[in-house]
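**Q** There's a structure below that I have some questions on.
The values are calculated or read from the model by the stated rules, or taken from the named source; none is laboratory data. Computed from a predicted model, the values in this text were never measured in an experiment. Every residue, glycine among them, receives a Cβ derived from its backbone with ideal geometry; neighbour counts consider all protein chains shown.
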Amino acid sequence: MRFIVILYLLMSIQSAHAIFGTSEFPSDPISVFELGVSQLERKNFKKAVKTFDHFLSKHSNHDLFPKAKVKYGDALYGNEKYLKALRVYERSHLESPHSEDGAHTLFRMGQCNLRFISKDKGQKHIPYAIAAFERFLTLYPENEKVEQAKRNILAVKKVEAEYQIEVGNYYFRHKDYCAAFNHFEKVLKMKDYGTYKSVDTYIAKCQAKETCLDELAVCEFDLREVNSRMK
């Protein structure tokens, strides 16, 4: 009798494995995908990362693979793994720029870069964030996130302007007027983005210094062109 019970249990376990798979994930790829989507909706990002990672590793030939890759990026983003998410979004967008997820991946590329931008974190992500959002505006002008993309560009430009002014002031205090002028001029070129008109004052201070005029000549700055832009 004991033998029959054990045999029955073994057969039950084998049947369960056949239906649900040998791991914590279902064997059916659609069920795995739906599990990951459910985890995303519940904001259980850590589990969603594992689920979509499993899908991508086990079902690379499935029709849902491209969409699962995007969801994997979303799970990483939700889990604050912004650099990893950025790489996933970049690959997804490069492979399928005109897919239904094209706008989403491009916008998220900008957002991921935005997460690394501040006066204290450095400036290397600024051009990538701006490029992503500007391309988003060009390719998807009717998208519901257009206004947010515009606001993000302004926010990035503001950070860049603040950084350039801070560095320009540093050089000005140390009487390196040529370097100071160079940084202030970068801000001047961003006036179309509504940043810091006060930079005109800083440039005027540089122009008021005899040493500045000499160094500007050495650096081949055209002061007349700058003055015309300031008017």
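**Q** Does Arg91 satisfy the condition of being among the charged types (D, E, K, R), farther than 30 Å from Leu56 by Cα and not assigned by TED's automatic domain parsing to the domain that holds Ser60? Reasoning before the result, please.
**A** Numbers: among the charged types (D, E, K, R): yes; farther than 30 Å from Leu56 by Cα: no; not assigned by TED's automatic domain parsing to the domain that holds Ser60: yes.
No, not satisfied.
**Q** Examine segment 119-131 for a residue that is of a type in the set (D, E, K, R), modelled with pLDDT of 90 or more and either outside the structural domain of Lys67 (by TED's automatic domain parsing) or within 15 Å of Lys69 (Cβ to Cβ) (or both), and state whether such a residue exists. Write out each step before concluding.
**A** So in segment 119-131, the residues of a type in the set (D, E, K, R) come out as 119-121, 124.
So of that shortlist, the ones also modelled with pLDDT of 90 or more come out as none.
Within segment 119-131 (the criterion being of a type in the set (D, E, K, R), modelled with pLDDT of 90 or more and either outside the structural domain of Lys67 (by TED's automatic domain parsing) or within 15 Å of Lys69 (Cβ to Cβ) (or both)), the answer is no, since none of the residues qualifies.
**Q** So which pairs qualify, if the first residue must be in segment 160-177 and closer than 19 Å to Ile126 by Cβ, the second must be of a type in the set (Phe, Trp, Tyr), the Cβ gap must be under 6 Å, and the two must be at least 6 apart or on different chains?
**A** What qualifies is Ala161/Tyr196; Gly168/Phe184.
**Q** Within segment 88-188, considering only helices (runs of 4 or more DSSP H) that don't extend past its boundaries, which have at least 2 residues that are under 30 Å from Thr201 (Cα atoms)?
**A** On the way: elements: 102-114, 126-139, 146-173, 177-188.
Result: 126-139, 146-173, 177-188.
**Q** Does Glu185 count as at pLDDT 95 or above and either more than 22 Å from Lys84 (Cα to Cα) or in contact with a strand residue (DSSP E or B) (Cβ under 7 Å, 6 or more places away or on another chain) (or both)?
**A** Details: at pLDDT 95 or above: no; either more than 22 Å from Lys84 (Cα to Cα) or in contact with a strand residue (DSSP E or B) (Cβ under 7 Å, 6 or more places away or on another chain) (or both): yes.
When the stated conditions are applied, Glu185 does not pass them.
**Q** Quick check, is Leu154 of a type in the set (A, V, I, L, M), in contact with a helix residue (DSSP H, G or I) (Cβ under 9 Å, 6 or more places away or on another chain), in contact (Cβ under 8 Å) with a residue 24 or more places away in the chain and closer than 28 Å to Asp63 by Cα? Break it down stepwise before answering.
**A** Working: of a type in the set (A, V, I, L, M): yes; in contact with a helix residue (DSSP H, G or I) (Cβ under 9 Å, 6 or more places away or on another chain): yes; in contact (Cβ under 8 Å) with a residue 24 or more places away in the chain: yes; closer than 28 Å to Asp63 by Cα: no.
For Leu154, the condition - of a type in the set (A, V, I, L, M), in contact with a helix residue (DSSP H, G or I) (Cβ under 9 Å, 6 or more places away or on another chain), in contact (Cβ under 8 Å) with a residue 24 or more places away in the chain and closer than 28 Å to Asp63 by Cα - is not met.
**Q** Could you please find all residues in segment 40-74 being of a type in the set (Gly, Ala, Ser) and either in contact with a Lys or Arg (Cβ under 8 Å, 6 or more places away or on another chain) or surrounded by fewer than 22 Cβ atoms within 10 Å (Cβ to Cβ) (or both)? Can you show your working first?
**A** Step one: filter segment 40-74 for residues of a type in the set (Gly, Ala, Ser), giving 48, 57, 60, 68, 73.
Within segment 40-74, Ala48, Ser57, Ser60, Gly73 meet the criteria.
**Q** Please specify each residue of segment 22-47 satisfying the condition of being over 22 Å from the mean Cα position of the chain (by Cα) and part of a loop (DSSP other than H, G, I, E, B).
**A** Result: Thr22, Ser23, Glu24, Phe25, Pro26, Ser27, Asp28, Arg42.
**Q** Let me ask something additional. Please work out which residue is surrounded by the most Cβ atoms within 10 Å (Cβ to Cβ), limiting yourself to segment 75-99 and to residues that are under 23 Å from Arg42 (Cα atoms) and charged (D, E, K, R).
**A** Per the criteria, the residue is Lys81.
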